[in-house]
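All remarks here apply to the structure that follows.
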Amino acid sequence: MNASLLEVDGLTVELPGTARPVLDAVTLRVAAGEVVGLVGESGSGKSVTARAALGLLPPGARRAGRVLVGGEDVLGAGQGRLRALRAAEVSMVFQDPRAGINPVRRIGDFLTEPLRLTRRWNRRRAEERAVELLAAVGLPEPERQLRRYPHQLSGGMLQRVMIAGALAGEPRLLLCDEPTTALDVSTQAEILALLGRLQRERGLGLLLITHDVELAAATCDRVYVMYAGRIVERATAAELFGRPRHPYTIGLLGSTPPLTGPPARLRPVPGTPIGLDEAAPGCAFAVRCAFAQAGRCDQEVPALLPLVDGADGAGHAAACVRLAEIPSPAEEVRP
Amino acid sequence: MSLALAVLRRLAGTAVTLLVTSFLVYSSLYLAPGDPVSFLVRGRSPSPAELASIRRQFGFDQPFLLRYWHWLDAVLHGDFGRSYLFHQSVGAVIWSRLPSSLLLVAVATVLIAVVGIGAGALGALRRGTRTDGAVLLLVTVGAAVPSFAAAIVLRSVLGVKLGWFPTIGNGSGLLDRLRHVVLPAIALSVTFMALVTRVTRSAMLDQLGREHVEVALSRGTPRFAVLRRHVFRNALGPIVTVSGLLVSGMLVSTAIVETAFGMSGIGSLLVQCVDELDFQVVQALVLLVVAAFVVVNTLVDLVYPLIDPRVARRAGGVR
Ligand SMILES: Nc1ncnc2c1ncn2[C@@H]1O[C@H](COP(=O)(O)OP(=O)(O)OP(=O)(O)O)[C@@H](O)[C@H]1O
Ligand code: SF4
Ligand SMILES: [Mg+2]
């Protein structure tokens, strides 16, 4: 395996006034050229994880564990180093470009800002780069777009601008936090295709956050499944899709409408995830789990255990105390 | 629609507003109690023939609309009539007092902008700290203090007790005039400063919580640049709107402050001429005050699309 671009190691983040950590010993890695999915329901901590990779933790958060980007400790880095990392090593494509791009500044300002302010490029050089970027993300008439304002672009075009902006510093690691959720369906596929192409062309390490497990399985090399701030399963996309092991993952796969074919197998995971105000002394999924067993599942937090011997921290693993007793319903979920 | 056309339309609207205002001003003064003719003959008891001749001389025998038309025609040619009180043309009376009021308003505007925006930004950036608490306290107190009360306190403490500033008159020469205008300007701006502080603080807090600010930080933009380019820049819309509204109405408020500090200016002139029923001057002053209000707000409207390009489209103006 390649050297990791992103290494999150036992990251725990606690907010004041909450009963459980937002992130609980999250361990995750993204290698160069690898597309990694991070899947989970709303509130499971996906965005907090991605922001931690940028050194952006919620104010007042207590933390433990490490986050390394390109081998450099992000959480311990000083402001100057952190800015340099953000401007050149790692960047994020946010969910909603309408909210994420300043509405009163021009597209050109958005694209050139990190180049001019952090890299100290002059205006001409930065604008030339901006034009290249806009062409790379497939916007017509890039020179003209530089002078336009965000409200003059459609959502899909604006998300392309967001992606171009994320690529401005030629990062090696790209974090995409639900990059298509705010777009209409036809645009979603285009944006995903664009991200895939850019990732291949530039050999980017890409962390794709989504709550759509089928999408993750279709586009990623490996996938992490997150529940209530914990990683409950990790596997290659094929493994996860073919042989999901954690009851939550099994439920998720059952609850996602297939990209093709009739949505006959749609059955959402029953119940709602626990909030930050509810402690989880045992398995956080227990209240919703069909396999939950009193006396076992509510006693201690299940460890994320490798299912295959010799896995180097990237092989199939799941966090469930009854793993051996639960058959993987591969055939049932996947005809 | 082209920019020029949008601007033209806005200016035409302003002209119509001013025309309507002029009519209201002219007619309302004739509806007010007190007959200008009785003022003119004060101290004497004229014969009916004399009265009629005075009425004719000042045009009071003509129909109302015709009188308005003559007045408007003259006003448009820069002739506001003669002041009964000062035996001078109204233009000369106002002109001699305008500079000192403009100086007062200008100094107050600078105070409002610097202190109001500065304190508001400080409160927003130090949200929830003791500094923010102090800002909020000052806003509450400042907004509640009427300018005459501020004038009294400033005069007696900074002026009379400590002797730092003169307490009466306009002064002569630029430096002396500035010294004379400090206390009145503070008194005039206290309430407005508080309002601008509050608007600045809340607009900046609003922006600080926006995602585009987080995005900018996530891209390595230095914190100060984020505050300037994204937080303050985006908060500018509400700040400019409110400041424009306040500053444009400030000529009226000079009445209280100039009277309190015994200054000669537009405000004290207005008080005096209302007292003495000098209608021609009052008409011109009211027109001037309204015109200042309308013109400043037109300017703000015209500048606004530069501050927030989204507005231009909504207003059907600049594309
Ligand atoms: N700055 C913050 N202050 C307080 N709580 C926060 C903050 N950021 C996130 N949280 C809380 O942390 C939890 C995880 O949030 P996060 O945004 O990571 O979820 P998510 O998995 O990205 O969900 P979604 O799919 O809705 O984006 C949520 O309960 C959220 O309310
Ligand atoms: S540990 Fe228990 S409750 Fe949790 S997923 Fe496994 S079986 Fe279900
Ligand atoms: Mg999220």
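The values are calculated or read from the model by the stated rules, or taken from the named source; none is laboratory data. Since the structure is predicted, the reported quantities are computational estimates derived from the model, not experimental observations. Here the Cβ is made from the backbone with ideal geometry for all residues, glycine too, and neighbour counts use every protein chain on show. We work out accessible area using only protein heavy atoms, side chains counted, and drop any ligands, DNA or RNA first. Shrake-Rupley method; radii C 1.70, N 1.55, O 1.52, S 1.80 Å.
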Exercise. Could you check how much of the accessible area of chain A is carbon and sulfur, as a whole percent, using a 1.4 Å probe?
Key: 51
Quiz item: What does the accessible area of A:CYS220 come to, in Å² to the nearest 10, when a probe of 1.4 Å is used?
Solution: 10
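Sort B:HIS87, A:HIS151 from largest to smallest accessible area, using a 1.4 Å probe on the heavy atoms of the protein chains. Spell out each step's value before the answer.
Numbers: B:HIS87 140, A:HIS151 30 Å².
Most to least solvent-accessible, the answer reads B:HIS87, A:HIS151.
Would you list B:ARG55, A:ARG200, A:ARG160 from the most to the least accessible area, probe 1.4 Å? All intermediate terms of the calculation are to be shown ahead of the outcome.
Numbers: B:ARG55 90, A:ARG200 165, A:ARG160 40 Å².
Sorted descending by solvent-accessible area, the residues read A:ARG200, B:ARG55, A:ARG160.
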Quiz item: Given charges of +1 on the Cβ of Lys and Arg and -1 on the Cβ of Asp and Glu, with all other atoms neutral, how large is the dipole of the protein assembly as shown about its Cα centre, in debye to the nearest 20?
Solution: 1440
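With every protein chain kept in the model, how would you rank A:LYS46, B:LYS161 by accessible area, 1.4 Å probe, largest at the top? Let's see the in-between values first.
Details: A:LYS46 10, B:LYS161 170 Å².
Putting A:LYS46, B:LYS161 in descending order of accessible area: B:LYS161, A:LYS46.
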Quiz item: Got a number for the accessible area of A:VAL301? Probe 1.4 Å, square angstrom, nearest 10.
Solution: 70
Quiz prompt | Residue-level accessible surface for B:SER253, protein heavy atoms, 1.4 Å, Å² | solution = 30
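Using helices alone, what [θ] at 222 nm do you get for chain B, with -39,500 (n - 2.57) per DSSP H run of 4 or more residues, divided over all residues and rounded to the nearest 500? Working shown, then result.
On the way: 16 runs with 230 residues, N = 319.
Dividing the helical sum by the residues of chain B leaves -23500 deg cm²/dmol.
Tell me, what are the semi-axes, in whole angstrom and largest first, of the equivalent ellipsoid of region A:55-160 as set by the roots of 5 times the Cα gyration tensor eigenvalues? Let's see the in-between values first.
Details: eigenvalues 171, 57, 28 Å².
Working through the eigenvalues yields semi-axes of 29, 17, 12 Å.
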Self-check item: Threshold 20 Å² - residues in region B:171-214 whose accessible area is reduced by that much or more when the chain is no longer isolated, probe 1.4 Å
Solution: B:GLU211, B:HIS212, B:GLU214
Quiz prompt | Residues in region B:219-254 occluded by at least 30 Å² - accessible area, probe radius 1.4 Å, against chain by itself | solution = B:ARG219, B:GLY220, B:THR221, B:PRO222, B:ARG229, B:HIS230, B:ARG233, B:ASN234
Practice problem: Could you work out the mean projected area of the convex hull around the alpha carbons of the protein assembly as shown, in square nanometres to one decimal? | Solution: 40.3
Self-check item: Fluctuation leader among A:PRO142, A:PRO270, A:PRO179 - chain A, Gaussian network, Cα springs under 10 angstrom
Solution: A:PRO270
Exercise. Please report, in Å, the Rg and the Dmax of chain B, where both are computed over Cα atoms only.
Key: 24.1, 87
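Taking the mean number of other Cβ atoms within 10 Å as a proxy for protection, how do you rank A:189-197, A:112-120 from highest to lowest? All intermediate terms of the calculation are to be shown ahead of the outcome.
Working: A:189-197: 16.4, A:112-120: 20.0.
Most protected by this proxy first, the peptides run A:112-120, A:189-197.
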Quiz prompt | Positive-end residue of B:ALA292, B:ALA106, B:VAL240, charge dipole of chain B with Cβ unit charges | solution = B:VAL240
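Between chains A and B, what is the buried accessible area summed over both chains (1.4 Å probe, protein heavy atoms, nearest 100 Å²)? Please list the in-between numbers first.
Details: alone 15290 and 17530 Å², together 30390 Å².
In total, this chain pair buries about 2400 Å².
What does the convex hull of the Cα atoms of chain A come to per residue, in Å³, rounded to a whole number?
139
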Quiz item: If you build a Gaussian network model of chain A, linking Cα atoms that sit under 10 Å apart, which residue out of A:LEU153, A:LEU240, A:LEU173 swings the most?
Solution: A:LEU153
Quiz prompt | Part-to-part distance (alpha-carbon centres) for region A:11-61 and region B:109-147, which is given in Å | solution = 38
Practice problem: Please give the average number of partner chain Cβ atoms lying within 10 Å of the Cβ of each residue in B:123-131, rounded to a whole number. | Solution: 0
Quiz item: Taking springs between alpha-carbon atoms closer than 10 angstrom, which of B:VAL289, B:VAL196, B:VAL75 fluctuates most in the Gaussian network model of chain B?
Solution: B:VAL75
Exercise. Just report the Cα centroid separation between region A:69-125 and region A:149-179, whole Å.
Key: 12
Exercise. Report, in order of residue number, the helices in chain B meeting two criteria: a C-alpha extent of 20 Å or more along the helix axis, and a mean Kyte-Doolittle hydropathy of at least 0.5; treat each whole DSSP H run as one helix.
Key: B:3-31, B:90-111, B:130-144, B:174-208, B:233-248, B:279-307
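With the radius of gyration and the Kirkwood radius both derived from the Cα set of region A:104-160, what is their ratio Rg to Rh?
On the way: Rg = 10.8 Å, Rh = 11.3 Å.
Ratio value, two decimals: 0.95.
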Quiz item: Carbon and sulfur atoms: what percent of the 1.4 Å accessible area of region B:98-318 do they account for?
Solution: 71
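Can you give the local net charge around B:LEU137? Use residues other than it whose beta-carbon is closer than 15 angstrom to its beta-carbon, Lys and Arg +1, Asp and Glu -1. Before the final figure, lay out each step's value.
On the way: positive: B:ARG126, B:ARG127, B:ARG130, B:ARG198, B:ARG201; negative: B:ASP132.
Every neighbour counted, the sum reads +4.
Enter the accessible area per residue of the protein assembly as shown (Å², integer; probe 1.4 Å; all protein chains in place). Please list the in-between numbers first.
Working: 30390 Å² over 654 residues.
That works out to 46 Å² per residue.
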